[in-house]
There are 2 protein chains.
Amino acid sequence: MKDKKKIVLVSGNLNKVNEFKEILKDSFEVENMKLDIDEIQSMSLKEICEFKAKEAYKIVKKPLLVEDTGFFIDELNGLPGPFIKFFEENLGKGASIKLLGNSTNRSAKQVCAICYYDGKELIFEEAEMNGIVSNEVKEGEGFGFDFCFIPDGYDKTFSELGLKEKNKISARKKVIDKTKKSLESSA
Amino acid sequence: MKDKKKIVLVSGNLNKVNEFKEILKDSFEVENMKLDIDEIQSMSLKEICEFKAKEAYKIVKKPLLVEDTGFFIDELNGLPGPFIKFFEENLGKGASIKLLGNSTNRSAKQVCAICYYDGKELIFEEAEMNGIVSNEVKEGEGFGFDFCFIPDGYDKTFSELGLKEKNKISARKKVIDKTKKSLESSA
């Protein structure tokens with residue numbers, strides 16, 4: 001049996017790290033590193049992730065993955081997008097509810113992106129999950145906008161569905177799957 | 001008479017360039033350069049400007065100034081702050097009005113920051129102007145949040161006051177003055 005390929009996942013979020021490890025475990029040995037890497041200001045997750053992957057490679061010098069997530073609210077023409085984390089840090093679990101105020105258009109999408117870089121090859125993948133922003137914070141399991149995002153086809157927020165259910169359907173699950181396929185076919 | 005010291009102002013915004021030139025003209029010869037430099041994601045104008053100044057210096061290799069402006073809305077715990085430009089690009093002149101919705105607390109502040117860097121010495125200055133977000137967009141002269149920001153002590157938006165009046169009182173005027181003094185005393 002061939003040794004599993006080793007990949008460094010650059011992320012400080014243990015929830016995300018465990019999700020990556022679980023999904024990739026058949027083909028890859030995922031080692032986590034937390035690095036303090038500047039992210040650039042952009043509405044494009046592709047730009048942010050590619051920059052971050054190249055900066056991280058200068059330190060890690062091994063094949064690596066970086067990821068970023070955005071929350072794109074229709075009524076705000078996509079904002080806050082990649083800046084959602086600053087809103088969550090400053091406004092808490094219901095940040096998106098606060099931003100929407102009384103707006104009746106509550107459509108939003110979770111977009112997750114991953115960039116793989118090994119010093120030569122660069123692979124970028126992105127996936128999205130459409131849904132709506134709930135009218136109030138719903139407690140449960142999760143982090144970030146999980147407490148106020150109801151994915152299409154459900155009547156519960158990610159937090160109410162719980163991590164196990166969320167991890168079957170979320171954009172993060174989809175983009176890790178896509179990346180796995182790309183890595184397997186390029187290996 | 002001593003030659004005026006030359007400084008490169010890294011900015012693509014001609015409104016700002018003219019303001020800098022006007023205020024600094026007695027002591028400095030300001031040359032404008034437009035560079036495509038990545039800004040980092042941060043709520044701190046200091047972090048953003050210092051990073052930008054050092055990145056710019058790698059290209060310019062001469063004493064330079066960079067600047068950044070944030071719009072900090074009380075009700076949103078300071079957001080969007082340095083990210084205001086993305087909101088204006090996507091939501092137009094009334095971006096801050098849209099973000100506030102029906103909130104009664106309409107306090108906000110304009111914060112302008114400048115960083116000087118010559119490869120050795122780094123000077124950072126910041127100034128602010130408090131005020132409120134208007135209930136509707138007010139036409140007139142200006143750019144960005146000028147159309148919906150009423151500075152303290154006035155009952156008109158920056159756009160209604162006009163550029164000439166605005167440039168006497170704005171945070172940008174104050175921070176250019178502060179930077180001028182710092183540069184003169186360090187020269």
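Here are the numbers for the structure shown:
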| quantity | calculated |
| --- | --- |
| Test: residue in segment B:65-85 that is touching a residue at least 40 places away in the same chain (Cβ under 8 Å) and away from every other protein chain (no Cβ under 14 Å) | yes |
| Scan of segment B:132-150 for residues that are of a type in the set (A, V, I, L, M) and in a loop (DSSP other than H, G, I, E, B), ordered by number | B:Val137 |
| Filter pass, B:Ser42 being within 19 Å of B:Phe147 (Cα to Cα), within 11 Å of chain A (Cβ to nearest Cβ) and polar (S, T, N, Q) | no |
| Cβ pairs under 9 Å, 6+ apart, first in segment B:99-126 and within 14 Å of another protein chain (Cβ to nearest Cβ) and closer than 18 Å to B:Phe83 by Cβ, second charged (D, E, K, R) and assigned to a loop (DSSP other than H, G, I, E, B) | B:Leu100/B:Arg106 |
| Search result, residues across segment B:1-32 that are buried (at least 18 other Cβ atoms within 10 Å of the Cβ) and over 16 Å from the mean Cα position of the chain (by Cα) | B:Ile7, B:Val8, B:Phe28, B:Val30 |
| The lone exception for B:Arg172 - which of (1) among the basic types (Lys, Arg); (2) buried (at least 17 other Cβ atoms within 10 Å of the Cβ); (3) in a loop (DSSP other than H, G, I, E, B) it fails | (3) |
| Test for B:Ala95: is it at pLDDT 95 or above, more than 14 Å from chain A (Cβ to nearest Cβ) and buried (at least 19 other Cβ atoms within 10 Å of the Cβ) | no |
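Yes/no matrix, rows are residues, columns are (1) within 19 Å of A:Leu99 (Cα to Cα); (2) surrounded by fewer than 21 Cβ atoms within 10 Å (Cβ to Cβ); (3) in contact with a helix residue (DSSP H, G or I) (Cβ under 7 Å, 6 or more places away or on another chain):
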| site | (1), (2), (3) |
| --- | --- |
| B:Lys34 | no, yes, no |
| B:Ile40 | no, yes, yes |
| B:Met43 | yes, yes, yes |
| B:Cys49 | no, no, no |
| B:Ala53 | no, no, no |
| B:Ile73 | yes, no, yes |
| B:Phe87 | yes, no, yes |
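The values are calculated or read from the model by the stated rules, or taken from the named source; none is laboratory data. Not measured: the values here are computed from a predicted model. Positions of Cβ are generated from backbone atoms using ideal geometry, with glycine treated the same way; all protein chains shown enter the neighbour counts.
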